[in-house]
């Protein structure tokens, strides 16, 4: 026979259902909590990391395409995730928007509470001060209680406390509070953070950014057709581009030439001398350097890159000049400034012609192939081959001006049937087997510039500075309360002083004792009366966690 527990017929109460509105309120509270805001802020910082690790299309589209070509399927996978357009990707925008909503939902109720605190009087003096930080009881025979309380009130006011005198049943007290700026700074930090988010979002919609490449002696006029690449914000009208133009007078580059230096070949400085003309102003000269941009009304121009532009002339077998002038070369990324050189001559006869190879500032050709061993013009030369055939420029498909697909072309060969490798120094020319002529006439430098404008940059700077100021206030302004109670007992005035810190405040106890000392020393004791007796009673709980009521 087994024992059975008697059944009482009671059922466990079921929790009430939240319902749709209850669920929405719960989700809203979770989203607008400070913990969620901090998590979203951390996620936003993590999400921004790929933007600094991988090239971004809006900053350097050429470098982005080069990365994609070099990394194949891995690059395509990253591109599908938006790693080359991080700050405009859906996942970054989602985190951004959620953080924006979370901060606003967190700030608005706190602002209301803080405004009430600023208007409210300091809290009443607790009935028992013995449990608070620095509690000190002092007996002052023959001292007028009202006068002592007035001195305490004045001392606390001079220390920037908000004070109020209270009359109690058998005593009087001064209650004081200081440090509301701590919460003000905290709110300022979060409001400024919202300002930063707003300025970044609206600034990206109203801004524009473009890249240009200018050869020495050439100029640039700020019009849409002059840009190599141009990205306007969603609210920016390209017709509103500001009017200005400039000429690149000279570009100078200085490199480390010390043979024993471990940094030999490293760039020391880049400088671009420009002549600028803006409407309604006198033309002026300025030297651009890295992190020293040119500012004109409505635009800022930054020095972005540089390279060499060899002057090359190509004549077809009929003697017609089919390519002439400085050719912008693209550095391959090595320390010697080995640069890719591409010339397309679609008007050459009888066949279209392409010249492909390298420009070498200090050139050598060895087992590694053509390359430059130093970035300055010590031994400049070009090493190229000539190809003929259809360049595919008439198909209506956009082509990269700095690239050509030689797999569809036939190389120009010599008598031995091998492709002709052409190596020329400045001032030299060569007659090719088909009757064409290629000459290397000289060298110029070119500079790449980034032209951008964001009308909200001043507001963004102001919001960032306000956030820093608010953070400093919230970290270094202690919030505390202090109380002074005075009562008369049998001809002796008893003074009690204590404090309460609302955050970590290691100096509070010393400040309480200092206040006691100042008040005690400011009283002139009647002649013949004994000195004041002071007792420091340790609070049962040494942490400033006692309640103020």
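A short reminder: the numbers here are calculations on the coordinates, not readings from a lab. Not measured: the values here are computed from a predicted model. A quick note on method: Cβ atoms are made from the backbone with ideal geometry, for glycine too, and the neighbour counts reach across all protein chains shown.
Once you have the Kirkwood Rh of the stretch 264-360 from its Cα pairs, apply Stokes-Einstein at 4 °C and 1.567 mPa s and quote D in µm²/s. Let's see the in-between values first.
Working: Rh = 16.7 Å.
Here the translational diffusion coefficient equals 78 µm²/s.
Put simply, the Cα atoms of the chain extend 126, 90, 52 Å along their principal axes, the longest span coming first. Angle check, please: helix 180-206 long axis (alpha carbons) against the longest principal axis of the chain (alpha carbons), in degrees 0 to 90, nearest 10. On a 0 to 90 degree scale, this one is about 20. Alpha-carbon geometry of the stretch 18-58: the Rg and the Dmax are 16.1, 48 Å, given in that order.
Report the relative contact order of the stretch 26-108, percent, no decimals, based on alpha-carbon pairs under 8 angstrom and at least 6 residues apart. Once normalised by length, the contact order is 45 percent. Taking 7 Å steps out from each Cα toward its Cβ at residue 41 and residue 201 produces label points 1.7 nm apart. Ordering 407, 507 from the fewest to the most neighbouring beta carbons within 10 Å gives 407, 507. Once you order the gyration tensor axes a ≥ b ≥ c over the Cα atoms, which shape class does the stretch 180-296 get: rounded for a/c under 1.5, otherwise prolate or oblate by comparing a/b with b/c? Cα axes put the stretch 180-296 in the oblate bin.
Inter-part distance, the stretch 254-322 to the stretch 15-68, computed on C-alpha centroids, equals 40 Å. When each of the peptides 184-196, 53-65 is scored by how many other beta carbons lie within 10 Å of its residues on average, the order from highest to lowest is 184-196, 53-65.
Shown for 128, 368: other C-beta atoms within 10 Å of each C-beta, ranked fewest to most, produce the order 368, 128.
Computed packing ranks the peptides 371-377, 422-428, 499-505 as 371-377, 499-505, 422-428, most packed first, by mean other Cβ atoms within 10 Å.
Spin-label model, residue 68/residue 430: points 7 Å from Cα along the beta carbon direction are separated by 3.5 nm. Suppose a student asked you for the relative contact order of the chain, using Cα pairs under 8 Å spaced at least 6 residues apart; what percent would you report? Result for the chain is 21 percent.
A helix-only calculation puts the chain at -9500 deg cm²/dmol for mean residue ellipticity at 222 nm, using -39500 (n - 2.57) for each DSSP H run of at least four residues, averaged over all residues. Compared with the alpha-carbon gap, the fully stretched path from residue 390 to residue 320 is longer by 23.3 nm at 0.36 nm per residue. Taking every alpha-carbon pair under 8 Å whose residues sit at least 6 apart, the stretch 308-446 reaches a relative contact order of 27 percent. In the chain, the longest principal axis of the Cα atoms and the axis of helix 19-31 are about 80 degrees apart.
If you take the Cα centroid of the stretch 195-250 and the Cα centroid of the stretch 124-143, the two points sit 69 Å apart. Distances between every pair of Cα atoms in the stretch 218-284, grouped in 10 Å steps from 0 to the bin holding the largest one, split as 16, 29, 26, 17, 9, 1 percent.
Pulled fully out, how much extra length does the chain show between residue 88 and residue 347, if you take 0.36 nm times their separation in residues and subtract their Cα-Cα distance?
Full extension of this stretch gives 89.1 nm more.
When only alpha carbons of the stretch 26-108 are considered, Rg and Dmax amount to 16.0, 50 Å.
Packing, as the average of other Cβ atoms within 10 Å across residues, places the peptides 135-147, 472-484 in the order 472-484, 135-147, highest first.
Computed from Cα positions, the angle between helix 145-158 and the longest principal axis of the chain comes to roughly 0 degrees. Shown for 235, 28, 459: other C-beta atoms within 10 Å of each C-beta, ranked fewest to most, produce the order 235, 28, 459.
When the inverse distances between all different Cα atoms of the stretch 308-446 are averaged and flipped, the Kirkwood radius reads 15.2 angstrom. Counting Cα-Cα pairs of the stretch 50-151 in 5 Å increments starting at 0 gives whole-percent bin shares of 2, 9, 10, 10, 8, 6, 6, 6, 5, 5, 5, 5, 5, 5, 5, 3, 2, 1, 0.
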